[in-house]
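Contents: one structure, followed by commentary.
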Amino acid sequence: MHDESPKRFDRIVAILIQLQSKKIVKAQELADRFEVSLRTIYRDIRTLEASGVPIYSEAGVGYAIMDGYRLPPVMFTREEASSFIAAEKLMQKFTDTTLGNHYASAMYKLKAVLRSDDKDWVSSIESSVLMQSSEKLFNDKSPNTLATLFESIAEKTQVILSYEAFDSDGITVRHIEPVGVFHDNNNWYMQGYCHLRKDYRQFRADRVHGIKKTEIPFTLEHDSLETFLNKNKNVSTTKVRILVEKKIAKYLAYERKYHGFISEKEVGDQIEMTFMSRDIEEGFSRWYMMFGDYATILEPERLKTRILELLEINKQRLL
């Protein structure tokens, strides 16, 4: 006996919306989203076909709606609309100016289809939500960095960056084939192939002083962004153990994950933390110096030596 409950009706409508949102949708993707079996998805697709929706399928590929077929937008619930408010606030603070403006324009269109009482409901939430960022994520000279990178990735065309590397004395011009964009450690990064360095590099958005689209197509076939990030996870690491006073340890909870934090345990009135650090010479050692007067290095010896080197450098600068 078929399930004709309202829950099934809502799922079928949601499937139709998803089919309109992408060129191809896999049955497994639908099954995972709605937490039902593939058999249930096949049955729901047949129901849509029987109602006149022109769906075609290809074995091993997925489902698609024939070009030209469209239904009017389904009305948003107030709960769905309120979720966009949070997204809008995030876009204002954590993306570049161009993308933020595009999203603001889309939000006007979204709000336009809401019922009057839902508009008031959403407006009351909108004025009570703030997102604050203490980091400057983009250079003022390049307000369209993310937007341009998105276009480049979609069109598979190179971009020209005016870029100031961390260890550079000036700005260099780079021809880049962007692979992907990701956010990590409070910064936006782009992974791409650099024609200047003849290798793949990561570029931080706030160090981009200018970005320009080109019509030059990619010259290489690139692996997925996930592939590159997984490779970075497999770089060599060094085990680090430190003892930190309890009153200080709680303040390290946020930043420690960026330095390879693995575990912690109580040792008397202190906390022993274990890390697998990718960079004890610069990254970990300089971070440790921020709270080193409340901590003790257990291992490795090289970290102790590096801290002494940095302290000596500081001492010489103070003389």
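The values are calculated or read from the model by the stated rules, or taken from the named source; none is laboratory data. All of these numbers come straight from a predicted model, not from anything done at the bench. Ideal geometry is used to build each Cβ from the backbone, glycine not excepted, and the neighbour counts take in all protein chains shown. Just the protein is used for accessible areas: all its heavy atoms, side chains included, with ligands, DNA and RNA removed. Shrake-Rupley method; radii C 1.70, N 1.55, O 1.52, S 1.80 Å.
How much FRET efficiency would the formula 1/(1 + (r/R0)^6) give for Ala253 and Ser83, where r is the Cβ-Cβ distance and R0 is 25 Å, rounded to 0.05?
For Ala253 and Ser83, the calculated efficiency is 0.35.
How about segment 114-211: which GluC sites (Glu not before Pro) there are in a DSSP loop, with at most 15 other Cβ atoms within 10 Å of their Cβ?
Here the GluC sites (Glu not before Pro) that fit, given the DSSP loop and packing criteria, are Glu135.
Could I have the simple spin-label model distance between Glu309 and Ser21, label points 7 Å from Cα toward Cβ, reported in nm to one decimal?
5.1 nm
Which lysines, if any, have their Cα less than 19 Å from the Cα of Lys315, not counting same-chain residues under 8 positions apart?
Result set, ordered by chain and number: Lys304.
Based on the Cβ-Cβ distance from Trp121 to Gln316, what FRET efficiency comes out when R0 is 51 Å, to the nearest 0.05?
That pair, Trp121 with Gln316, gives E of 0.20.
If you find the alpha carbon centre of segment 243-286 and of segment 145-185, how far apart are they in angstrom?
About 33 Å separates the Cα centre of segment 243-286 from the one of segment 145-185.
Taking springs between alpha-carbon atoms closer than 10 angstrom, which of Arg256, Arg197, Arg43 fluctuates most in the Gaussian network model of the chain?
Arg43
Thinking of segment 173-282 as a set of Cα atoms, what percent of all their pairs are more than 18 Å apart?
Result for the distance tail: 62 percent.
How do 281-290, 20-29 rank on mean C-beta neighbours within 10 Å, highest first?
281-290, 20-29
How would segment 131-233 be classified by its alpha-carbon gyration tensor: rounded, prolate or oblate, with rounded meaning a/c under 1.5 and the a/b versus b/c comparison settling the rest? Walk me through the numbers before you get to the answer.
On the way: a/c = 1.41, a/b = 1.21, b/c = 1.16.
Because its axes are fairly even, with a/c under 1.5, segment 131-233 counts as rounded.
For segment 160-250, which chymotrypsin sites (Phe, Trp or Tyr not before Pro) pass both filters: DSSP loop (anything but H, G, I, E, B) and at most 14 other C-beta atoms within 10 Å?
Filter output for segment 160-250: Phe166.
Ranked from highest to lowest mean number of other Cβ atoms within 10 Å per residue, what is the order of the peptides 140-147, 306-313?
Answer by packing, highest mean first, reads 140-147, 306-313.
Taking the chain as the region of interest, what is the percent of Cα-Cα pairs per 10 angstrom bin, listed from the shortest bin to the one with the maximum distance?
Using 10 Å bins, I get a P(r) of 5, 17, 20, 25, 20, 10, 4, 1, 0 for the chain.
Provide the per residue accessible area, probe 1.4 Å, for the chain, rounded to a whole number of square angstrom. Spell out each step's value before the answer.
Working: 19980 Å² over 319 residues.
Counting only protein heavy atoms, the per-residue value for the chain is 63 Å².
Rounded, prolate or oblate: pick one for segment 230-313, where a ≥ b ≥ c are the square roots of the eigenvalues of its C-alpha gyration tensor, a/c under 1.5 means rounded, and failing that, prolate if a/b is larger than b/c, else oblate.
oblate
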